[in-house]
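Peer 1: Sharing a structure with you now.
The values are calculated or read from the model by the stated rules, or taken from the named source; none is laboratory data. Since the model is a prediction, treat every value here as computed from it, not as a measurement. Here Cβ is always computed from backbone atoms with ideal geometry, including for glycine, and neighbour counts include all displayed protein chains.
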Amino acid sequence: MLKFDPYYFQCPNCHAWLEGRNLKAEMVNEALLYSDGKVLYDNYITTRQKMVLCPSCAHTFWIENPVEPLITIEKPDAYVYSWNTWRFYGINFSDNKGKMALIRHYLTFLQKSHYEPKREIYLRRLLWWAYNDLHRNHQHIRIKYFLNGFMSFGVWRCNRNMILEGQKLFLKNLSGFNDNLKRLLFLLEKHPEEQIDLELPEIYRELRQFDKVKELLDAKGSRTHFINEMARHTKWKDSRVFMVSG
Ligand SMILES: [Zn+2]
């Protein structure tokens, strides 16, 4: 069964065709939600990539409010660059080198020019997630993830080594991570309409301002599973990203 709906769009500079993919709505229920708001399905991010680096001419452009004829669901009668050639700017996500390359892409975009707040929030949110990707599944290093039979010993050990190295890289880049989150926090407080769900308390938690998290969570009327989990991690003074559901 196809899990994604393909769509096609053209680079405004060289007119090359690129293939994009949207997760089918009925698949969203099977996706994993992380505390930083990133949603993954089968290891694919479900948030649409709005900033594109053309694989043909290296022109950078935005596809925010896609409308015809720039975007179509009809496969064009021309050469089409596949999704893998341009999503995440062509980097390979399966190791830490690729994850660091993605971070550098976002940092370069942010240094290269000024963006209106909405776009800067978008880029900084993706940069935040990219930093967190270095240690996103840190719980998988525990032996129980091998013992419960999801992975063979070889796969588990290889994965464990990658996460341990990712944790070191995360700590090494902590000041860049914190600078980005502080700026994102500033922008989101100025533009509350751009905030997603529990994004603000989560940013405070990842910045280790646990008193502020507690204050924001106490102000919420209802207690959802997500709120309870965040309160638990705050009590432990754990600032790492965690899996909310999946
Ligand atoms: Zn192009």
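Peer 1: Glu215 passes all but one of (1) over 22 Å from the mean Cα position of the chain (by Cα); (2) closer than 19 Å to Val244 by Cβ; (3) modelled with pLDDT of 95 or more; which number fails?
Peer 2: Every listed condition holds for Glu215 apart from (2).
Peer 1: (1) at pLDDT below 95; (2) surrounded by fewer than 17 Cβ atoms within 10 Å (Cβ to Cβ); (3) under 15 Å from Asp36 (Cα atoms): which one isn't true of Lys182, the others all being true?
Peer 2: The failed condition is (1).
Peer 1: Pick out the one residue from Thr108, Thr85 that is more than 30 Å from Ile227 (Cβ to Cβ), in a helix (DSSP H, G or I), away from the ligand (no atom under 15 Å from the Cβ) and polar (S, T, N, Q). Break it down into steps so the answer makes sense when it comes.
Peer 2: Numbers: Thr85 fails: away from the ligand (no atom under 15 Å from the Cβ).
So the residue among Thr108, Thr85 that is more than 30 Å from Ile227 (Cβ to Cβ), in a helix (DSSP H, G or I), away from the ligand (no atom under 15 Å from the Cβ) and polar (S, T, N, Q) is Thr108.
Peer 1: So if I check each of Tyr89, Tyr115, Tyr44, which one is farther than 21 Å from Leu184 by Cβ and of a type in the set (Phe, Trp, Tyr)?
Peer 2: Numbers: Tyr89 fails: farther than 21 Å from Leu184 by Cβ; Tyr115 fails: farther than 21 Å from Leu184 by Cβ.
After ruling out the rest, the residue left standing is Tyr44.
Peer 1: Look at Gly166 and say whether it is of a type outside the set (D, E, K, R) and in contact (Cβ under 8 Å) with a residue 40 or more places away in the chain. I'd like the intermediate steps shown before the answer.
Peer 2: Values: of a type outside the set (D, E, K, R): yes; in contact (Cβ under 8 Å) with a residue 40 or more places away in the chain: yes.
The answer is yes for Gly166.
Peer 1: Based on this model, can you work out whether Ala101 counts as of a type outside the set (Asp, Glu), within 16 Å of the ligand (Cβ to nearest atom) and either at pLDDT 90 or above or more than 30 Å from Glu189 (Cα to Cα) (or both)? Lay out the reasoning, then the answer.
Peer 2: Values: of a type outside the set (Asp, Glu): yes; within 16 Å of the ligand (Cβ to nearest atom): no; either at pLDDT 90 or above or more than 30 Å from Glu189 (Cα to Cα) (or both): yes.
Taking the combined requirement at face value, the residue does not satisfy it.
Yes/no per residue for (1) closer than 22 Å to Ile45 by Cα; (2) part of a loop (DSSP other than H, G, I, E, B):
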site	(1), (2)
Arg183	no, no
Ile196	yes, yes
Arg205	no, no
Glu215	no, no
Asn228	no, no
Asp238	no, yes
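Peer 1: Go through Phe170, Phe226, Phe186 for me and flag whichever is aromatic (Phe, Trp, Tyr) and within 29 Å of Glu116 (Cβ to Cβ).
Peer 2: Numbers: Phe170 fails: within 29 Å of Glu116 (Cβ to Cβ); Phe226 fails: within 29 Å of Glu116 (Cβ to Cβ).
The match here is Phe186.
Peer 1: Then there is this: Can you list the strands (runs of 3 or more DSSP E) found entirely within segment 4-77 that contain at least 1 residues being within 16 Å of the ligand (Cβ to nearest atom), aromatic (Phe, Trp, Tyr) and buried (at least 17 other Cβ atoms within 10 Å of the Cβ)?
Peer 2: Details: elements: 4-10, 17-23, 32-34, 39-41, 51-53, 60-62.
Answer list for segment 4-77: 4-10, 17-23.
Peer 1: Return only the number of the condition from (1) out of contact with any helix residue (DSSP H, G or I) (no Cβ under 9 Å at 6 or more places or on another chain); (2) part of a loop (DSSP other than H, G, I, E, B); (3) more than 28 Å from Arg205 (Cβ to Cβ); (4) away from the ligand (no atom under 12 Å from the Cβ) that Asn92 does not satisfy.
Peer 2: Every listed condition holds for Asn92 apart from (1).
Peer 1: Pairs, please: C-beta under 7 Å, at least 6 apart or cross-chain, first residue among the basic types (Lys, Arg) and in segment 30-45, second crowded, with 18+ Cβ neighbours inside 10 Å?
Peer 2: From segment 30-45, the pairs are Lys38/Ile45; Lys38/Trp129.
Peer 1: Limited to segment 82-108, what total is found for residues that are more than 15 Å from the chain's Cα centre (by Cα), free of Cβ contacts under 8 Å to residues at least 60 places away in the same chain and farther than 24 Å from Tyr8 by Cα?
Peer 2: The qualifying residues number 2.
Peer 1: Can you confirm whether Asp211 is without any contact (Cβ under 8 Å) to a residue 12 or more places away in the chain, part of a helix (DSSP H, G or I) and among the acidic types (Asp, Glu)? Working first, answer last.
Peer 2: On the way: without any contact (Cβ under 8 Å) to a residue 12 or more places away in the chain: yes; part of a helix (DSSP H, G or I): yes; among the acidic types (Asp, Glu): yes.
Spelling it out, Asp211 is indeed without any contact (Cβ under 8 Å) to a residue 12 or more places away in the chain, part of a helix (DSSP H, G or I) and among the acidic types (Asp, Glu).
Peer 1: Out of curiosity, is Leu123 without any contact (Cβ under 8 Å) to a residue 60 or more places away in the chain and under 20 Å from Glu206 (Cβ atoms)? Before the answer, list the steps.
Peer 2: Values: without any contact (Cβ under 8 Å) to a residue 60 or more places away in the chain: no; under 20 Å from Glu206 (Cβ atoms): yes.
Judged against the criteria, Leu123 is not a match.
Peer 1: Considering (1) among the β-branched types (Val, Ile, Thr); (2) under 24 Å from Asn159 (Cβ atoms); (3) crowded, with 19+ Cβ neighbours inside 10 Å, say which one Ile143 fails and leave the rest.
Peer 2: Every condition holds for Ile143 apart from (3).
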